[in-house]
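Colleague: Sharing a structure below in structure tokens format, with a few things to ask.
The values are calculated or read from the model by the stated rules, or taken from the named source; none is laboratory data. What you are looking at is a predicted structure, and each value in this text was computed from that prediction instead of being measured. Reconstructed Cβ throughout: ideal geometry from the backbone, glycine too, with neighbour counts over all protein chains shown.
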Amino acid sequence: MTIQNPTYFWALLGLLVPLAIHLWSRKAGKTVKVGSTQWLIASENTRFSSLQFNEVWLFVARVIVVLLAVLILLDLVQKRPATPNKTSQTWILTEEDLLSDARVRPQIDSLTKSGIPLHLFKAGMPMLAKEALTKIPVQTKQDQEIVTDLNYWSYLNELNTRTDAPKRVIIFAQNTQKRFQGTKPTLNLEVEWVNLPQQRKSVFLLDALQLPNDSLLLSIGISDENGTQVLREKIGRQANTKIKDLPSVIVKDQQVQFAQVPNEGVQIRKPIPKKIHIAYTESHSLDQQYLKAALEAVGEYMQTEVRVTAAPIEQLEKDAGNKKGVDWAVFLGKAPENNAIFNIGNQQIVQGLKPTNQWFEQDEAQPTLHYLRQRANPEVNPGLLKDGKFLEEITQLLFANPNAQKRLIQFDQRKIVLSQASPTKKKQANQHLNTQDKTKKNTRNYHLLLWLGLVVGVVVERLAEATKVKV
């Protein structure tokens, strides 16, 4: 029981009022009728010489009324006992796969011994008992990446909406970029990310494209916490090949794999015929001739049909309906403003000059849109015919694996800075309101009962005063 307004204790002085009333008020004496008062002797008034307490029950009723009024002013509240399902102020959150990781387990064990509950960082955030944790064996070799599909933001949003959410969470997780999908949430929680030891560099196969003369064009991804790069190597189709300082490559049937990880191989792809249409302005007439010749040369080299048509952009505007269904639409000079004309191809290449060593660059927002960064005209760009980089990039662009991006995301090891991984904290005012709400829920006051008692007490006191016997 807690008194919220102890300064109102002075109101107990009000008990002196009914006490004084019942000490000084005396009943009237009996009246004796006589014929004349001249024979009566006047007696001394003893009203103040002797105090006599009377009307005890009426006094008790008045005292109770005063006490109830004082209790209302004092504002008595009682704290409710914490229910068993209430959680502590801090949680440990960890991916289930990390519980057996020797790099992480000692820290988790240390925190759980201090009394902090352990929850799994997944949907529902289930609690893991200490007994269950001790039964999980610790593995000292955890070099391979854990590829479980997780979205940290969605889990933290879910936790923030729970009624038993803690004030602070300590998270053991892999802070790779692919696991932070969507918008950074705004939470009431204080989030602390534990920086895990660095994973080893991930080397993986992205693609294997069949080339003439029984050779293969391999796309190899190399990813670490700082970034991801893709290497392309041309190898012969033999059983075992060593590429620089990379793992040995094994070619078996229609599959290519690294010797160390045979379960992560890729299927050998054969190039598919392509239909390409080039739309150009008059100032880029020579560009389209060289580009058309380069595309046809690539098709001949890949032993795959590459059908190329070309026409001025003005003619395309009249005949756009007949060009629908082409694999690539190339626009030299300028891109048409009409979306119906622009989207005649499944993928588009637009002239977008930029001082760079690359020939083609993919748009970040539109994966099907690519930019031609240099002029395909030797009179303007003498470097066009100096090396085979132009033809090499055309080959890679036309026959790229559409599923390579998904595989790249799967093995991506890039990490974000821990400060960026921390969600936005809600304003302090909102936290203060939430604290007040929780305080109200955890206390019980007696205002209603005291007011009801006061009303009943006043009614009883008035009835007793009105019905007392006067002699």
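Colleague: Going residue by residue through region 222-232, is there one that turns out to be under 30 Å from Ile92 (Cα atoms) and either of a type in the set (Phe, Trp, Tyr) or touching a helix residue (DSSP H, G or I) at 6+ places or on another chain (Cβ under 9 Å) (or both)?
Modeller: Residues of region 222-232 under 30 Å from Ile92 (Cα atoms): 223-227.
Among the residues that remain, those that are also either of a type in the set (Phe, Trp, Tyr) or touching a helix residue (DSSP H, G or I) at 6+ places or on another chain (Cβ under 9 Å) (or both) are: 223.
Looking through region 222-232, at least one residue is under 30 Å from Ile92 (Cα atoms) and either of a type in the set (Phe, Trp, Tyr) or touching a helix residue (DSSP H, G or I) at 6+ places or on another chain (Cβ under 9 Å) (or both).
Colleague: Out of all the residues in region 327-351, which are buried (at least 19 other Cβ atoms within 10 Å of the Cβ) and at pLDDT 85 or above?
Modeller: Trp328, Ala329, Val330, Phe331, Leu332, Gln347, Gln348, Ile349, Gln351 - these are the residues of region 327-351 that are buried (at least 19 other Cβ atoms within 10 Å of the Cβ) and at pLDDT 85 or above.
Colleague: Right, here's the next one. Could you list all residues from region 107-144 that are under 16 Å from Leu196 (Cβ atoms) and surrounded by 10 or more Cβ atoms within 10 Å (Cβ to Cβ)? Walk me through how you get there before you give the answer.
Modeller: So in region 107-144, the residues under 16 Å from Leu196 (Cβ atoms) come out as 107-111, 121, 138-144.
Within region 107-144, Gln107, Ile108, Asp109, Ser110, Leu111, Phe121, Val138, Gln139, Gln142, Gln144 qualify.
Colleague: What is the one condition in (1) at pLDDT 85 or above; (2) out of contact with any strand residue (DSSP E or B) (no Cβ under 7 Å at 6 or more places or on another chain) that Val256 does not satisfy?
Modeller: (2)
Colleague: Out of the strands (runs of 3 or more DSSP E) lying entirely within region 352-471, which hold 2 or more residues that are modelled with pLDDT of 75 or more and in contact with a strand residue (DSSP E or B) (Cβ under 6 Å, 6 or more places away or on another chain)?
Modeller: Values: elements: 360-362, 369-372, 443-445.
So the answer is 360-362, 369-372.
Colleague: Got a sec? Which strands (runs of 3 or more DSSP E) wholly within region 244-296 have at least 1 residues that are of a type in the set (D, E, K, R)?
Modeller: 249-252, 266-269, 274-280
Rundown of residues vs (1) under 26 Å from Asp101 (Cβ atoms); (2) surrounded by 14 or more Cβ atoms within 10 Å (Cβ to Cβ), yes/no style:
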position: Phe172; (1), (2): yes, yes
position: Phe180; (1), (2): yes, yes
position: Trp193; (1), (2): yes, yes
position: Asp224; (1), (2): yes, yes
position: Gly227; (1), (2): yes, no
position: Arg237; (1), (2): no, yes
position: Phe258; (1), (2): yes, yes
position: Asn263; (1), (2): yes, no
position: Ile268; (1), (2): no, yes
